[in-house]
Amino acid sequence: MTKLATARAHTNIALIKYWGKENVALNIPTTSSLSLTLDQFYTTTSVEFTDSSKDELILNGISTDSTRVSKFLDLFRQQEGNFSKILVRSENHVPTAAGLASSASSFSALTGAMFNLLELPNDVQEMSRMARKGSGSASRSIFGNFAVWNKGEDDQSSYAESFYDEDINLTMIVAEISSSMKKMSSTKGMQLAQTAPTYGAWVEKAAHQLEEMKAAIRAKDIEKIGLIAQDNALGMHEQNRNSIEPFDYFTVQTRRVIDFAKQCYESGLLAFVTIDAGPNVKIITDRASETELLNKFKVNFPEIPFEVAHAGEGLRYV
Ligand code: ADP
Ligand code: DP6
Ligand code: CO
């Protein structure tokens, strides 16, 4: 009997970013982070045992390098006792490696599928801890809506949990400037950022921003949420430019979209930005403003595809 286990997880976008590792091997971050899981972007992953001599990854129907996945599966082997090789089939309903958090949805989905295949207890804390070791941001995609990843100080204490699971009418309009794979992976980019002389100050500020962000979410204050998230994200990208090998995920289009969001805010609309490790911009607004704001962006940037996203659900078996 061949057993197949399948799970689906959505991407999440951090309002307070994870951008640095205190422990690279264990993926312990330098900051705690807070995110919103999105309804529009997700990964579905199936796993089954195979007689093959190595783990295999079929991503969107194409046989793909499985090194990172295999390293992750070895963590399950260390913990649960050795088992045969695994055939992983995964579909990304999100561009891969474009700064739209494919590593978050994919390692969360893979974690869920493996817990199912190995019949491990359905313990979200345990899943979050495991997903973290595949990709840090994946620790948060176990949960729907808002999640906080408390940085912790060791393997046991570093995991994400659900935070304030209420609908606050937050909208993210995703400007898909490019779906190309990035040249600088998140893993590498954040470690370079840590060499910036200003990095310590960004980390220190992030701790305060996290507390302010939690209060703003509880108050359902979209303007405060947007202002803090924008400041945190722009600060993150400054570290890249200040690193010993300066680099930048922004393109000309990225800057134009950021500037236009600023103009919209100055004209009285709720419009803020957050950007991850890629050129794409997520515009933060609320449900009441999204249509008007979207139309403005479409008129100004007819060449850019926009996607309107809201809070999405956590990991589930399918
Ligand atoms: P992103 O911004 O998309 O999260 P990252 O640089 O963090 O970009 O991670 C991209 C990497 O995540 C890919 O190069 C690949 O190794 C891995 N990845 C993405 N999607 C999948 C998937 N569905 N299954 C397995 N690994 C994946
Ligand atoms: C900018 O989780 O992709 O999206 O742990 O090395 O896989 P690894 O990195 P990853 O980094 C995400 C960085 C970010 C911010 C965030 O999601 O918090
Ligand atoms: Co990622």
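As a test of the formula, what do you get for the chain when each DSSP H run with n ≥ 4 contributes -39,500 (n - 2.57) and the sum is divided by the residue count, at 222 nm and rounded to the nearest 500 deg cm²/dmol?
Value at 222 nm, helices only, nearest 500: -12000 deg cm²/dmol.
Could you tell me the center-to-center distance, by alpha carbons, between the stretch 237-289 and the stretch 71-123 in angstrom?
Between the Cα centres of the stretch 237-289 and the stretch 71-123 lies a distance of 31 Å.
Check which residues have an amide H placed less than 5 Å from Glu22's amide H, if you skip close sequence neighbours.
Ile28, Thr30
Rank by packing, highest mean first: peptides 5-16, 283-294, 198-209, with packing defined as the count of other Cβ atoms within 10 Å averaged across residues.
5-16, 283-294, 198-209
Plugging the Kirkwood radius over Cα pairs into Stokes-Einstein for the stretch 4-167, at a temperature of 10 °C and a viscosity of 1.306 mPa s, what D comes out in µm²/s?
Rounded to a whole number, D works out at 102 µm²/s.
Among all the aspartates and glutamates, which ones have a C-alpha under 18 Å from Lys151's C-alpha, if same-chain residues fewer than 8 places away are not counted?
The reachable aspartates and glutamates, counting only those whose Cα sits under 18 Å from Lys151, are Glu22, Glu126, Glu161, Glu204, Glu211, Glu212.
Among 172-181, 262-271, what's the highest-first ranking by average C-beta atoms within 10 angstrom per residue?
172-181, 262-271
If you average the sequence gap of Cα pairs under 8 Å that are 6 or more apart and divide by the length of the chain, what percent do you get for the contact order?
25 percent
About the Cα centre, and with charges only on the beta carbon of Lys, Arg (+1) and Asp, Glu (-1), how big is the dipole of the stretch 123-173? Nearest 20 debye, please.
Dipole size: approximately 260 debye.
Pop out the ³J(HN,Hα) list for the stretch 151-163 in order, Karplus 6.51 cos²θ - 1.76 cosθ + 1.60 with θ = phi - 60°, rounded to Hz; leave Gly and Pro as x.
With the stated coefficients, the stretch 151-163 comes to 4, x, 10, 8, 3, 5, 8, 9, 7, 9, 9, 5, 10 Hz.
Over 29 Å between C-alpha atoms is what I'm after, so list which of Lys133/Lys183; Lys54/Lys282; Lys205/Lys282; Lys3/Lys188 land there.
From the list (Lys133/Lys183; Lys54/Lys282; Lys205/Lys282; Lys3/Lys188), the Cα-Cα distance tops 29 Å for Lys54/Lys282; Lys3/Lys188.
Could you run the Karplus curve 6.51 cos²θ - 1.76 cosθ + 1.60 with θ = phi - 60° over the stretch 170-185 and give me ³J(HN,Hα) per residue in whole Hz, x for Gly and Pro?
7, 10, 10, 8, 8, 8, 8, 5, 8, 9, 5, 6, 5, 7, 9, 4
Nearest 20 debye, what's the magnitude of the dipole of the chain about its Cα centre given +1 on Lys and Arg Cβ and -1 on Asp and Glu Cβ?
It works out to roughly 540 debye.
I'd like the Karplus ³J(HN,Hα) series for the stretch 58-63: coefficients 6.51, -1.76, 1.60, θ = phi - 60°, whole numbers in Hz, and an x wherever there's a Gly or Pro.
10, 9, 6, x, 10, 5
Where Lys and Arg each count +1 and Asp and Glu each count -1, what net charge lies around Leu315 among other residues with Cβ under 11 Å from its Cβ?
Overall, the nearby charge balance is +2.
Can you compute the charge dipole magnitude of the stretch 170-309 about its Cα centre, using +1 on each Lys and Arg Cβ and -1 on each Asp and Glu Cβ, nothing else charged? Give it in debye, rounded to the nearest 20.
Charge dipole, the stretch 170-309, about its Cα centre: 180 debye, nearest 20.
In Å, what Kirkwood hydrodynamic radius results for the chain from the alpha-carbon pair distances?
19.7 Å
Once amide H atoms are placed 1.01 Å from N in the peptide plane, what residues at a sequence separation of 5 or more from Asp286, or on another chain, have their amide H within under 5 Å of its amide H?
Under 5 Å from the amide H of Asp286: Thr171.
Using 0.36 nm per residue, how much length does the chain from Phe301 to Arg255 gain when fully extended, once their Cα-Cα distance is taken away?
Stretched out fully, the Phe301 to Arg255 stretch lengthens by 15.3 nm.
Compute the long axis of helix 67-80 from its Cα atoms, compare it with the longest principal axis of the Cα atoms of the chain, and write down the angle in degrees, 0 to 90, nearest 10.
Value to nearest ten degrees: 60.
Nearest 10 degrees, 0 to 90: what angle lies between the long axis of helix 102-117 and the longest principal axis of the chain (Cα atoms)?
30 degrees
Enumerate the amide H contacts of Ile16 below 5 Å, restricted to partners 5 or more residues apart or on another chain; note that Pro and chain-start residues carry no placed amide H.
Under 5 Å from the amide H of Ile16 lie the amide H atoms of Leu34, each far enough along the sequence or on another chain.
Values quoted throughout were computed directly from the atomic coordinates according to the rules given, and no laboratory measurement underlies them. Note that the structure is predicted; figures quoted are calculated from it, not measured. We place every Cβ from the backbone using ideal geometry, glycine too, and count neighbours over all the protein chains shown.
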